[in-house]
Amino acid sequence: MRILVAPDKFAGTLTAVEAAEAIADGWRRTSPEAEVVPIPMADGGPGFVDVLHASLGGELLAGSVSGPLAEPVPATFLLVEDVAYIESAQACGLALMPLGPDGRTPEPGAVNRASTYGVGQLIGSAVQSGARRVVIGLGGSGTNDGGAGLLAALGATSEPAGALTRGPDGLAELTSVDLGPALERLAGVELVAASDVDNPLLGLRGASNVFGAQKGLVDEDARLAADAALSRLAEAVERKTAEAAGAGAAGGLGYALLVLGGRREPGFATVASAVGLSDLVTASDLVITGEGKLDWQSMNGKVPVGVAGVANAALRPCIALAGAVQVGNRELRANGIEAAYSLVDIVGEEQAFAQPAQSLAAVAARVAKTWGRAR
């Protein structure tokens, strides 16, 4: 029996690579005769580069870039022949933002001065290293600058000078932008924004109003001010693209990539294509997916439902292991997942968080008693 293990990360406890290995190890305890193939997955957010490196190989190139508040942060990109894969969260991720008084959520207002400059630096480094196609995973961002910092890092200039690099606070003063130097630098390079977010840049469904609260724009006035700042950017660069699907991804990073001539691809589909998921599923008897919390958001284009969709197309059963399962069986089956198993329910919350890899392996070993035989 051939088992394909294709989970996302278990946020806060395990990377997708670690989760895939834990499930595979547990399964082998019960079914040592099974061929278990771990293929970690991602949808463009944190873990994007590690997941692709685990499947594609290639060269990881490390360096230091400017973080969201201009502090140096380590970052890597993956180079596979002339294709580079970049994880924007490494340079502007929510995890890099200072925490507020509660110790859990970002410091209120810090996002107003946060920049995506480091993402532009990574793109520039990838091009300098020979990449002719650059795929940027969008997700988990702590910024809301419309990708203005990225534009500046690639050579775009503004009036007043420096307005592109100071987050929404800087954009509030913006009067003009010249993209010419950035476009010249990227001539002949294909940009791909890998994101499942289809929100526009502005308005009620835009970056500030939909995602701003989780980044520290805690009240309506703050979100309206941030949206107005992004509107000034759009007026100075190109208004029409602000309405495009995905322009609001990662605090507007999608917008910057689109105005530079890039195109948007669903993040899950990008990874699935790169690792050859469809062929791997077809060659398997059972598919296992999972993530930290299987909830209503998972049913909206996240990795588990994406994997289940590929499995269903190939007429292969798909099950899920998760830290917690917060949707019912009817909804799971409607989305192609035949059964889901919760670590919290099986081993208890304390153990699930204290020993996540061991707990996940134990649950996989238990589930293999039911599913580890020909069906």
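The values are calculated or read from the model by the stated rules, or taken from the named source; none is laboratory data. Because the structure is a prediction, the values reported are computed rather than measured. Cβ: placed from backbone, ideal geometry, glycine included. Neighbour counts: every protein chain shown.
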Test: GLY261 is surrounded by fewer than 23 Cβ atoms within 10 Å (Cβ to Cβ), modelled with pLDDT of 95 or more and assigned by TED's automatic domain parsing to the domain that holds GLY103: yes
Any hit, the range 67-83, residues being modelled with pLDDT of 95 or more, out of contact with any strand residue (DSSP E or B) (no Cβ under 7 Å at 6 or more places or on another chain) and within 16 Å of ALA194 (Cβ to Cβ): yes
Failed condition for SER31, given (1) at pLDDT 95 or above; (2) over 19 Å from the mean Cα position of the chain (by Cα): (1)
Output for the range 95-119, where each listed residue is closer than 11 Å to GLY67 by Cα and modelled with pLDDT of 95 or more: LEU96, MET97, ALA114, SER115, THR116, TYR117, GLY118, VAL119
Residue selected from the range 49-72 under the condition within 16 Å of SER273 (Cα to Cα) and touching a Phe, Trp or Tyr at 6+ places or on another chain (Cβ under 7 Å), by the criterion surrounded by the most Cβ atoms within 10 Å (Cβ to Cβ): LEU52
Total residues in the range 278-289, condition surrounded by fewer than 24 Cβ atoms within 10 Å (Cβ to Cβ) and under 21 Å from the mean Cα position of the chain (by Cα): 1
2 or more residues touching a residue at least 60 places away in the same chain (Cβ under 8 Å) and over 17 Å from the mean Cα position of the chain (by Cα): qualifying helices (runs of 4 or more DSSP H) within the range 172-256: 180-185, 220-237
Qualifying positions in the range 173-188 - surrounded by fewer than 14 Cβ atoms within 10 Å (Cβ to Cβ) and either of a type in the set (Gly, Ala, Ser) or modelled with pLDDT under 95 (or both): SER176, GLY180, ALA187, GLY188
Out of LYS240, LYS215, sole residue that is crowded, with 19+ Cβ neighbours inside 10 Å, farther than 30 Å from GLU35 by Cα, in the same structural domain as LEU94 (by TED's automatic domain parsing) and of a type in the set (D, E, K, R): LYS215
Filter result (touching an Asp or Glu at 6+ places or on another chain (Cβ under 8 Å), part of a loop (DSSP other than H, G, I, E, B) and surrounded by fewer than 24 Cβ atoms within 10 Å (Cβ to Cβ)) within the range 132-165: ARG132, GLY155, PRO160
